[in-house]
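See structure below.
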Amino acid sequence: MSWLYKTFVRPNFFDRDSEEAHNLVINQLSWAARRNWALGLARTVLGGPSLPVELFGLTFPNPIGLAAGMDKAGAAVPAWEALGFGFSELGGITRHEQPGNPKPRMFRVIEDEALINRMGFNNPGADAMAKRLRDWRDDNRWPAHPVGINLGKSKVTPLDEAPEDYLYSFRLLKELADFFVVNVSSPNTPNLRQLQDKAALGEILAALQEANDAQRPILVKVAPDLGFDALDEILELIEPHNLAGLVATNTTIARPSEDGLYAETGGMSGRPLAKRSTEVIRHLYQQTKGAVPLIGVGGIFTAEDAWEKITAGASLLQIYSGLVYEGPQINRAILNGLTKRLANEGLANIRDAVGIAS
Ligand SMILES: Cc1cc2nc3c(=O)[nH]c(=O)nc-3n(C[C@H](O)[C@H](O)[C@H](O)COP(=O)(O)O)c2cc1C
């Protein structure tokens, strides 16, 4: 299946500009998401074995989720479940609608299976997103798997007004999703990552939790470029702000070399991110003795990659670049591989494998 995608489908996409190909796929999925037969067909061809995970009081049919940034506008909400994802994270959404950075702003380093992007939170804004999500619900097309929303800061909002910016989006969207991820780790909004500073992040989280009457799980997404000390400071916020967990990691500003497309500014994802992302997961798991749920993301392409992240300490996983390079059968392939691996290790479920190599 992966061979079919790589031989016949991928070349058509890879002949195009990266963002243009992305938009084409999202438009197709958005079309399919409105047709039951198309969703059913995708489910039949691409669905994998069930591998349930219970976390945050939610049931995830399997541990592989769609990472933030793929469906920034909630254009294809029902499609992700049909492609076999156990959950999806929509957005990043900001209070204000914004166009993002000038194009081109997304690049493929094909030989290394990496992506570099400096999208800059192009998104329709929280009001439009709320309307879009209501439309999916009113159409009875809401997916059965958990849906999260990634919240970012609008570029026009000064850093010291960040709490109000996140809060505005959260208030509008809190009834419309199952969990929320505070994104203070994108490298593409100027100075955003300064909000990973303990005091600044604490203010944002306090504002959100005060409005969190429905007790939605709130997580924080961290950058792989933070040192272990800075990560430990973020861990100190977990108890006081009742955080449900962490998402590790976002894209990195580090590069394996300075050649060719690696000279483009932005965040790098894909295979070259895998090692650092796993190191961060392992550190967070060890520091918290496994008490804080982690969503592992960064360079997951195969069941082996997924197993590494789970055994380092991730309870759930997410994929972006792997979907671009491996195609839509990636979930089924990973889930089949994980099912076999669990059986070989004599483990009953994913939870039993979390952190066993940490
Ligand atoms: C084009 C693009 C846009 C992204 N947009 C967001 C975003 O809006 N919010 C966010 O938290 N992460 C965003 N990400 C980061 C991904 O969610 C993920 O953390 C990262 O790509 C590493 O996973 P991967 O190696 O599987 O791609 C984006 C990634 C890409 C490639």
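Taken together, the values in this text are just the output of simple stated rules run on the coordinates, not laboratory data. What you are looking at is a predicted structure, and each value in this text was computed from that prediction instead of being measured. Every residue, glycine among them, receives a Cβ derived from its backbone with ideal geometry; neighbour counts consider all protein chains shown.
By its C-alpha gyration tensor, with a ≥ b ≥ c as the square roots of the eigenvalues, how is segment 66-135 shaped: rounded for a/c under 1.5, else prolate for a/b larger than b/c, else oblate? Here segment 66-135 falls in the oblate category. If I take every Cα pair under 8 Å that is 6 or more residues apart in the chain, average their sequence separation and divide by the length, what percent do I get for the relative contact order? Relative contact order for the chain comes out at 18 percent. The fewest-to-most ranking of 262, 166, 285 by surrounding Cβ atoms within 10 Å reads 262, 285, 166. Along the axis of the charge dipole computed for segment 2-353 (Cβ charges of +1 for Lys and Arg, -1 for Asp and Glu, origin at the Cα centre), the listed residues 82, 63, 310 are led at the positive end by 82. Taking the three principal axes of the alpha carbon atoms in segment 260-309, the coordinate ranges are 41, 23, 13 Å, sorted in descending order. With the largest listed first and rounded to whole Å, the semi-axes of the equivalent ellipsoid of segment 34-181 from the Cα gyration tensor are 27, 20, 15. A Förster radius of 25 Å combined with the Cβ-Cβ distance from residue 279 to residue 343 puts the calculated FRET efficiency at roughly 0.35. Summing +1 for each Lys or Arg and -1 for each Asp or Glu among the other residues whose beta-carbon sits under 13 angstrom from that of residue 308 gives +3.
Taking N as the residue count of segment 97-222, its C-alpha radius of gyration divided by 2.2 N^0.38 Å amounts to 1.13. For GluC sites (Glu not before Pro), the sites in segment 248-317 that DSSP calls loop and that have at most 14 other Cβ atoms within 10 Å are 258.
For residue 112 and residue 156, the difference between the fully extended length at 0.36 nm per residue and the C-alpha to C-alpha distance is 12.4 nm.
Dividing the radius of gyration of the alpha carbons in the chain by their Kirkwood radius gives 0.93 for Rg/Rh. Taking 0.36 nm per residue of separation and subtracting the Cα-Cα distance, full extension of the segment from residue 239 to residue 286 would add 15.3 nm. Taken one residue at a time, the phi angles of segment 13-20 give Karplus couplings (6.51, -1.76, 1.60, θ = phi - 60°) of 6, 6, 6, 9, 4, 4, 6, 4 Hz. Gly and Pro are set to x. Over the chain, DSSP H runs of length four or greater, each weighted -39,500 (n - 2.57), average out per residue to a 222 nm ellipticity of -11000 deg cm²/dmol. Contact order for segment 206-358, expressed relative to its length and based on alpha carbon pairs under 8 Å spaced 6+ residues apart, stands at 20 percent. Each of the peptides 38-47, 243-252 was scored by the mean count of other Cβ atoms within 10 Å over its residues; in descending order, highest first, they stand as 243-252, 38-47. Among beta bridges from DSSP that stay inside the chain, the antiparallel ones total about 30%. Annotation: peptides 66-78, 205-217, 122-134, ranked by per-residue average of other Cβ atoms within 10 Å with the highest first, follow the order 66-78, 122-134, 205-217. Here the residues 142, 136, ranked from fewest to most Cβ neighbours within 10 Å of their Cβ, fall in the order 142, 136.
With only the Cα atoms considered, segment 1-106 has a convex hull volume of 129 Å³ per residue. Taking the Cα atoms of segment 159-205, the ratio Rg/Rh between the radius of gyration and the Kirkwood radius comes to 0.97.
When a/c reaches 1.5 or more, the comparison of a/b and b/c decides; with that in mind, is segment 292-341 rounded, prolate or oblate per its Cα gyration tensor? In terms of gyration-tensor shape, oblate. Charged side chains reduced to their Cβ positions (Lys and Arg at +1, Asp and Glu at -1) give segment 108-158 a dipole of some 300 debye around its Cα centre. Using a/c under 1.5 as the rounded threshold, could you call segment 258-358 rounded, prolate or oblate? The axes a ≥ b ≥ c are square roots of the C-alpha gyration tensor eigenvalues, and prolate needs a/b larger than b/c, oblate otherwise. Taking the square roots of the gyration eigenvalues as a ≥ b ≥ c, segment 258-358 is oblate.
Report the full-extension gain for the segment residue 58 to residue 302: residue separation times 0.36 nm, less the Cα-Cα distance, to one decimal in nm. Taking 0.36 nm per residue and subtracting the Cα distance, the gain is 85.3 nm.
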